[in-house]
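The values are calculated or read from the model by the stated rules, or taken from the named source; none is laboratory data. Values in this document were obtained by computation on a predicted structure and should not be read as measured data. Cβ placement follows ideal geometry from the backbone for every residue including glycine, while neighbour counts extend to all protein chains displayed. Each accessible area value is taken on the protein alone, full model and side chains, heavy atoms only, with ligands, DNA and RNA left out. Shrake-Rupley method; radii C 1.70, N 1.55, O 1.52, S 1.80 Å.
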Amino acid sequence: MANARAARVLAGKVAIVTGAASGIGRAQARLFAAAGAAVVAVDRDAAGVEAVAAGITEDGDIALGLGADLTDAAGIARVVAAATARFGRIDILGNTAGLHDGYIRSLETTDEIWDRVFAVNVKAVFRLTNAVLPGMLAQGGGVIVNIASVSATIAGGGGPAYTASKHAVLGYTRQIAYDYGRKGIRANALCPGMVETGMTRDVLADPTSKLVKAVTSVPAGRYGQPEDIAAAALFLASDAAAFMHGAAMLVDGGLTVK
Ligand SMILES: NC(=O)c1ccc[n+]([C@@H]2O[C@H](COP(=O)([O-])OP(=O)(O)OC[C@H]3O[C@@H](n4cnc5c(N)ncnc54)[C@H](O)[C@@H]3O)[C@@H](O)[C@H]2O)c1
């Protein structure tokens, strides 16, 4: 069904999408597959990501579900080896897996929390990018879509660990665009506002909370759904975004207009 609706703008492409067992990554994996890509869906929730891949396959599209902890170098190596063995190349890397810090302030943030957030949100992005870049460069091109956040540019979308990690991933994305753009690599960051996913379910559960009031009083009048972000990710991954390099693309319902 998904096939019938989606334009096959990623036909013939192979895409890795991380964090694909839940939320934005799951929506991205489904949409990329519906757009014609062979999708390697990765998550530390192995059962979850295998179910997502099975659903995509049932729709008549192509997906491989892989359980892996992306904070583990061996896990990253396994993902890239399995993707390459199965599909022969990697054209698109969607770095979507992420971890929130629960809005705790600096004085409550332990070294352990800081390291855990940075391990997923920054170091795993760096390592996975380095693992796919040689193949992309050898084949003459590739696309990287990093899910950052409005927290890549403003405070308040998390605590310091989360906000600093998202600022870091935007900086990393820009540097990749700067260093490898002329070699055929397009790297961009997507900056979602508040989106209803596993990450935000608890904070959105109370409709009377100040946070819910704030995120629904944006110009869009609502918080986002994973499909809102997946649609923008598909655009960035496709040739329609051929002139976009190192952008921080806001998809936030207008959260940051003032
Ligand atoms: N939900 C929002 O409001 C929002 C807003 C801005 C940015 N983001 C970003 O979007 C991305 C996706 O988040 P989401 O909202 O869909 O959250 P989510 O919690 O629903 O999904 C995140 C996924 O990442 C996976 N993951 C976490 N650590 C991992 C690891 N070490 N190895 C492999 N997989 C791991 C989780 O298992 C989970 O399936 C994150 O980078 C998040 O920071 C979310």
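Overview of values
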read-out	value
Portion, in percent, of the accessible area of the chain that falls on carbon or sulfur, probe 1.4 Å	56
Total formal charge among the other residues, if their Cβ is under 14 angstrom from that of Ala138, Lys/Arg +1 and Asp/Glu -1	+1
Area of Ile113 that stays accessible when all protein chains are in place (1.4 Å probe, Å², to 10)	40
Most to least accessible of Ser238, Ser106, Ser22 (protein chains only, probe 1.4 Å)	Ser106, Ser22, Ser238
Antiparallel bridges, percent of DSSP beta bridges restricted to segment 2-251 (to nearest 5)	0
Proximal aspartates and glutamates to Lys183, defined as alpha-carbon separation beneath 19 angstrom and excluding residues fewer than eight positions away on the same chain	Asp91, Asp239
With Cα atoms, 0 to 90° folded angle of helix 160-180 axis to the chain main axis	30
Charge dipole (debye, nearest 20) of the chain; +1 at Cβ of Lys and Arg, -1 at Cβ of Asp and Glu	680
Measure of compaction for the chain (Cα Rg per 2.2 N^0.38 Å)	0.95
Principal axis box of segment 57-110, alpha-carbon based, largest edge first, Å	48, 28, 19
Spatially proximal lysines relative to Lys258 (Cα-Cα < 23 Å; intrachain offsets below 8 disregarded)	Lys166, Lys210, Lys213
Heavy-atom SASA rank of Met194, Met136 (probe 1.4 Å, accessible area, largest first)	Met194, Met136
Dipole of segment 2-251, positive direction: furthest Cα of Gly184, Ser209, Leu236, with charges on the beta-carbon	Gly184
Segment 2-251, accessible area per residue, ligands and nucleic acids excluded (1.4 Å, Å²)	45
C-alpha long axis of helix 46-58 to longest principal axis of the chain, angle in °	60
Folded to 0 to 90 degrees: helix 124-139 orientation relative to the chain principal axis, Cα	30
Residue of Ala15, Ala51, Ala237 that the Gaussian network model of the chain assigns the largest fluctuation, springs spanning Cα pairs under 10 Å	Ala51
